[in-house]
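The values are calculated or read from the model by the stated rules, or taken from the named source; none is laboratory data. The structure presented is a predicted model; accordingly, all values stated were derived computationally and were not measured. Backbone-built Cβ (ideal geometry, glycine too); neighbour counts: all protein chains shown. Heavy atoms of the whole protein, side chains included, go into the accessibility calculation; ligands, DNA and RNA do not. Shrake-Rupley method; radii C 1.70, N 1.55, O 1.52, S 1.80 Å.
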Amino acid sequence: MTTTPIAHRATAVAARATDLSKVYGQGETQVVALNHVSVDFRQAEFTAIMGPSGSGKSTLMHCVAGLDSFSSGSVRIGETELGSLKDKQLTQLRRDKIGFIFQAFNLLPTLTAMENITLPMDIAGRKPDREWLERVIDMVGLRDRLGHRPTQLSGGQQQRVAVARALASRPEIIFGDEPTGNLDSRSGAEVLGFLRNSVRELGQTVVMVTHDPVAASYADRVIFLADGAIVDEMHSPSADGVLDRMKAFDAKGRTS
Ligand SMILES: Nc1ncnc2c1ncn2[C@@H]1O[C@H](COP(=O)(O)OP(=O)(O)OP(=O)(O)O)[C@@H](O)[C@H]1O
Ligand SMILES: [Mg+2]
């Protein structure tokens, strides 16, 4: 069996939005949440999406992740065009190819940490890759908490369960909407460290919405949204660099 060389994989596209628009409502109440957005999320790359409240970050993420419909343009996950799929196929694609980490951890209270981690695969009737699962559990440091229920875990530990659950099935791409928004800075840093390691060590693709320049500095690149459009992009960002860029946008907003 041959494996794809890393250099080759690094240039492959995990998800792509082309000329993507999303309009809510009609007439007077019409809101253009996404305005002709084109963006690639490459394999084994960690991307942060930033921008003011209401700029379209969640909408972009939801449309690319197949959680929301769009008005025009196209989205593909791997080689699959989302627009060509029926509802059932879309549900299947989300289940098989996409991992999610939300601010509210969405863990089932009656299940143990381990049961929560393997739940999506259990529902799909898929057997977890044992070796992979062990690696993920070690990476997020949950080995001695696997039998605990969510209420017996700290917020940071619960979020680590959510991270492990997203990684467990080796999805094509993982989306997080402010995955560290509810955590203190130390737990947040841990979760961000795991996400970065999953990209570096496991070749995972991660896209994360965040308001926090420090969180964004864990990413390989940051894209900035304003009024539903991509207005800037930074590579290998530092927290200070991101903060400066955000201040520049604010200043521009005040003078225009
Ligand atoms: N269901 C909806 N109906 C009408 N307008 C909506 C709907 N959902 C979002 N919007 C509008 O679309 C725009 C983009 O919303 P979105 O949730 O993507 O912003 P965001 O960048 O994620 O903001 P935040 O940082 O506050 O989470 C906003 O102006 C919002 O009011
Ligand atoms: Mg949002």
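Can you list, largest first and rounded to whole Å, the semi-axes you get for the stretch 42-151 by taking the square root of 5 times each eigenvalue of its Cα gyration tensor? Mind dumping the intermediate values first?
On the way: eigenvalues 165, 65, 41 Å².
After scaling each eigenvalue by five and taking roots: 29, 18, 14 Å.
Counting only alpha carbon atoms, the long axis of helix 87-97 and the longest principal axis of the chain meet at about 60°.
Counting only DSSP beta bridges with both residues in the chain, tell me the antiparallel percent, nearest 5. Write out the running numbers ahead of the final one.
Working: 21 of 38 bridges.
Antiparallel bridges make up about 55 percent of those DSSP assigns within the chain.
Two decimals is fine: what's Rg over Rh for the chain, C-alpha atoms, Kirkwood radius as Rh?
Checking Rg against Rh, the ratio lands at 0.97.
Using the Kirkwood radius over C-alpha pairs as Rh, can you work out the diffusion coefficient of the stretch 162-249 via Stokes-Einstein at 25 °C, viscosity 0.890 mPa s, in µm² per second? Intermediate values should be presented prior to the final figure.
Numbers: Rh = 13.6 Å.
The estimated diffusion coefficient comes to 180 µm²/s.
How large is log10 of I(q)/I(0) for the stretch 108-256 at q = 0.10, 0.12, 0.21 Å⁻¹ when the intensity is taken from the Debye formula with one equal scatterer per alpha-carbon? Values returned for q = 0.10, 0.12, 0.21 Å⁻¹ are -0.41, -0.56, -1.31. With all protein chains in place and a 1.4 Å probe, the accessible surface of the stretch 9-255 carries 47 percent carbon and sulfur. Once the Cα atoms are used to define both axes, helix 155-168 deviates from the longest principal axis of the chain by about 90 degrees. About its Cα centre, the stretch 78-202 has a charge dipole of approximately 200 debye under the convention of +1 per Lys or Arg Cβ and -1 per Asp or Glu Cβ, with nothing else charged.
Ranked from highest to lowest mean number of other Cβ atoms within 10 Å per residue, what is the order of the peptides 54-63, 238-247? Provide the component values of the computation, followed by the final result.
On the way: 54-63: 21.4, 238-247: 15.1.
So the order, starting with the most tightly packed, is 54-63, 238-247.
Binning at 10 angstrom from zero up to the longest distance, how are the C-alpha pair distances of the stretch 28-73 distributed in percent? Reading the bins upward from 0: 21, 56, 20, 2, 0. If you plug the beta carbon distance of Leu108 and Asp244 into 1/(1 + (r/R0)^6) with R0 = 45 Å, you get a FRET efficiency near 0.60.
Here each label is just a point 7 Å from Cα along the line to Cβ, and for Arg130 and Arg221 those points are 4.0 nm apart.
Taking 0.36 nm per residue of separation and subtracting the Cα-Cα distance, what length does fully extending Ser38 through Lys88 add? Don't jump to the answer; show the numbers that get you there.
Numbers: separation 50, 0.36 × 50 = 18.00 nm, distance 2.61 nm.
Using 0.36 nm per residue and subtracting the Cα-Cα distance, I get 15.4 nm.
What is the count of Lys pairs in the chain whose alpha carbons sit under 19 Å apart, if the two are 8 or more places apart or on different chains?
Values: Lys22/Lys57; Lys57/Lys247; Lys86/Lys97; Lys88/Lys97; Lys97/Lys127.
Pairs that pass both the separation and distance tests number 5.
Taking every C-alpha pair closer than 8 Å and separated by at least 6 residues, the mean separation divided by the residue count of the chain gives a relative contact order of 26 percent. Using heavy atoms of the protein chains and a probe of 1.4 Å, the accessible area assigned to Tyr24 is about 90 Å².
The heavy atoms of Asp184 present about 90 square angstrom of accessible area, all protein chains included, probe 1.4 Å. The angle between the Cα long axis of helix 113-124 and the main principal axis of the chain comes to about 70°, on a 0 to 90 degree scale.
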